[in-house]
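These notes concern the structure reproduced below.
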Amino acid sequence: MCGIVGYIGQQQAAPILLQGLSKLEYRGYDSAGISVRNGEEETVIVKSKGRLKVLAEKTNDGLAVKGNCGIGHTRWATHGEPSEQNAHPHASEDSSVVAVHNGIIENYQEIKEKLEKKGYVFYSETDTEVAVNLIDYYYKKHDGDPLDAIAKAMMRIRGSYALAIMFRDYPGEIFAARKDSPMIIGINNSDVFIASDVPAILKYTRNVYYIGNMEIARLTCGNVTFYNIDKEEIEKELTEIKWDEEAAEKGGFEHYMMKEIHEQPKAVRDTLNSMIKNGSISLSDAGLSDEELEKISHIYIVACGSAYHVGVTLQYVIEDMARVPVSVDLASEFRYRQPIMEKDGLVIIISQSGETADSLAALREAKEKGVKTLGIVNVVGSSIAREADRVIYTLAGPEIAVATTKAYSAQLAAGYVLAVQLAKVRGKINEEKYTEMIEELLMLPDKIAKTLEDKERIQWFASKFSNAKDVFFVGRGLDYAIGLEGSLKMKEISYIHSEAYAAGELKHGTISLIEDGILVIGILTQQELYEKMISNLVEVKSRGAYLMGLTVYGNYGIEDTVDFSVYVPKTSKYFASSVAIIPLQLMGYYLSVSKGLDVDKPRNLAKSVTVE
């Protein structure tokens, strides 16, 4: 939610800023801007409404803006409509302070009113301009000390933020500060970079520092110094990012989303191989011992969006396989219901970015209550990874498209492994079943790849429904969980209203929505529920629905009921989600393409929701 870049070094800053922003545009694309300093000269600010290409054209790809120190921003609007005036960077009235910001300042109105009484005038509708002027106020009040001004502002601001700040009196320096919003700092000899996310700087360096909560960084050419909120200098260790730049590029595909759909076999294989060694599961890298797993009395899974759907799937799998009670919560609601948690419980936080604001807040709530926490995240060194007691890394690599695909599949894989190990150490499966489950897991990548071979048929079918207004997904048990994710994929990138329903609830009101020609997608991977689902599909068909049936190879009798059938390879009933989701991801993708929409950057959405 908003992307920040910054650069100091020997090169021209503007082209580097634009390059970095192009890798962060998935975080926001309502407007963009850069601010560049050329030695002692005044800071130049250039902003534009709309996609980054407008700013690139305005600055001749950055060549028209000279200077080797600068900050940039791509915006996802929270306070104030998308406009050039509301675009970042923002400056104080005399331009002595310039900054970009990611996050939400909750008490901005209160601060704004007090600053107005002190003579400050505001030109935008943003909370960011309030932060800039607050820093300016403390800077002028306390003898022009940037560290002191930033620290005092941080103590005053409530909410979440990552800030990159330049002061007119300190040419060739950038200051950074953060609370609950992501920010990394990269270094490569004399070049120093700031970014909201790794892809922005992969072209230039893979060596990064993670700036901690309530910390400040001071960047000069070739050097970074870190401070705590008391302005005391602190030491940081460099982390090497294993991703390479090529992993974040499209690789010949038209869209990142399609590339990432095709990367799922590798993402799942890499994640499984990191946890399964020599035919046995090892969670030692995550710091989880068998003794700990054996003592868990209750599992609480907390997540948002697609990660929440992973949690719903894992609830079915873990409870059935390992017989451990599981609760699944939307992270945005977790705190507000004042959850009662057992002291021997385990809270699992699932997040691709490791920076999701609500999930991070839920993690902290659990830690405050003294309950052990486990993060399942994709980004090394992210906030959830650092703050959780234990962490399992999904090895999906960088995911650029806003709609998650490979990160979702990698999260499922990590959850399956955890479920199998839980079942074994608690005596719910024997050695023979344990070995069988591991073998099934290791075959998933090939089965996902096999499912992708059917994409042309799905493309043809999707083209028939590009004008659909409503689509419904129905399933029972794990198939209902699959439907939840399939429905989300459809609505978020094709803008078609879609809902997933537990098929057993059809007669409790849902069936009244069925009318002639409406598309209903039935999911039937659970063999013990197959006949019940067929009955449900017959019901909706009798009301005029057009039926797509998604089932496993062998269930060819489904063609007597549905209008269009899709088959996926057989696997354990527990792992069916991993193969069944592929046709639904493709369905959403092809519907979006057929409507001429921006698949990778759907309207009103950002990749990582780092504010509440």
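The values are calculated or read from the model by the stated rules, or taken from the named source; none is laboratory data. Here the structure is a predicted model, which is why all the values come from computation and not from measurement. Note: ideal-geometry Cβ built from the backbone for every residue, glycine included; neighbour counts use all protein chains shown. Just so you know, the surface numbers come from the protein's heavy atoms only, side chains and all, with ligands and any DNA or RNA stripped out. Shrake-Rupley method; radii C 1.70, N 1.55, O 1.52, S 1.80 Å.
Pairing residues of region 105-117 that are in a helix (DSSP H, G or I) with residues that are surrounded by 18 or more Cβ atoms within 10 Å (Cβ to Cβ), at Cβ distances under 6 Å and at least 6 apart in sequence or on separate chains, gives TYR108/ASP127; TYR108/VAL130; ILE111/VAL130; ILE111/LEU134; LYS112/VAL130; LEU115/ASN133.
Picking from residues in region 218-244 that are within 25 Å of the chain's Cα centre (by Cα) and outside any loop (DSSP other than H, G, I, E, B), the one that is surrounded by the most Cβ atoms within 10 Å (Cβ to Cβ) is THR239. ASP30 passes every criterion in (1) among the charged types (D, E, K, R); (2) surrounded by fewer than 24 Cβ atoms within 10 Å (Cβ to Cβ); (3) more than 24 Å from PRO182 (Cα to Cα) apart from (3). A Cβ distance below 6 Å, combined with a sequence gap of six or more or placement on separate chains, defines the contacts here; from region 82-95, residues that are farther than 12 Å from SER48 by Cβ reach residues that are of a type in the set (D, E, K, R) and open to solvent by less than 60 Å² (accessible area, probe 1.4 Å) in the pairs HIS90/GLU129; SER92/ASP136.
Considering only residues that are in contact (Cβ under 8 Å) with a residue 60 or more places away in the chain and acidic (Asp, Glu), look in region 386-427 and name the one that is nearest to GLU294 (Cα to Cα). If we take residues in region 386-427 being in contact (Cβ under 8 Å) with a residue 60 or more places away in the chain and acidic (Asp, Glu), then ASP389 is nearest to GLU294 (Cα to Cα).
Here LEU115 does not fit the description of being hydrophobic (A, V, I, L, M, F, W, C), more than 25 Å from the chain's Cα centre (by Cα) and open to solvent by 10 Å² or more (accessible area, probe 1.4 Å). Can you say whether ALA322 is closer than 19 Å to LEU484 by Cα and either of a type in the set (A, V, I, L, M, F, W, C) or surrounded by fewer than 18 Cβ atoms within 10 Å (Cβ to Cβ) (or both), as far as the supplied structure shows? Answer is no for this residue.
Note on region 377-392: residues that are touching a helix residue (DSSP H, G or I) at 6+ places or on another chain (Cβ under 8 Å), of a type in the set (A, V, I, L, M) and under 18 Å from SER284 (Cα atoms) total 4. In the set (1) open to solvent by less than 20 Å² (accessible area, probe 1.4 Å); (2) more than 19 Å from PHE461 (Cβ to Cβ); (3) of a type in the set (Gly, Ala, Ser), GLY522 fails one condition alone, (2).
Every test in (1) open to solvent by 10 Å² or more (accessible area, probe 1.4 Å); (2) within 17 Å of ILE16 (Cβ to Cβ); (3) hydrophobic (A, V, I, L, M, F, W, C) is passed by ALA195 save one, and that test is (1).
Summed over region 376-398, the residues that are open to solvent by less than 10 Å² (accessible area, probe 1.4 Å), under 21 Å from SER577 (Cα atoms) and not aliphatic (A, V, I, L, M) give a count of 2. For region 325-340, the set of residues classified as more than 20 Å from ARG426 (Cβ to Cβ), open to solvent by 30 Å² or more (accessible area, probe 1.4 Å) and part of a loop (DSSP other than H, G, I, E, B) consists of GLN338, ILE340, listed by residue number. Just give me the residues in region 173-183 being open to solvent by 10 Å² or more (accessible area, probe 1.4 Å) and at pLDDT 90 or above, in sequence order. Matches in region 173-183: GLU173 only.
Residue check: is VAL310 touching a Gly at 6+ places or on another chain (Cβ under 7 Å), modelled with pLDDT of 95 or more and assigned to a strand (DSSP E or B)? For VAL310, the condition - touching a Gly at 6+ places or on another chain (Cβ under 7 Å), modelled with pLDDT of 95 or more and assigned to a strand (DSSP E or B) - is not met.
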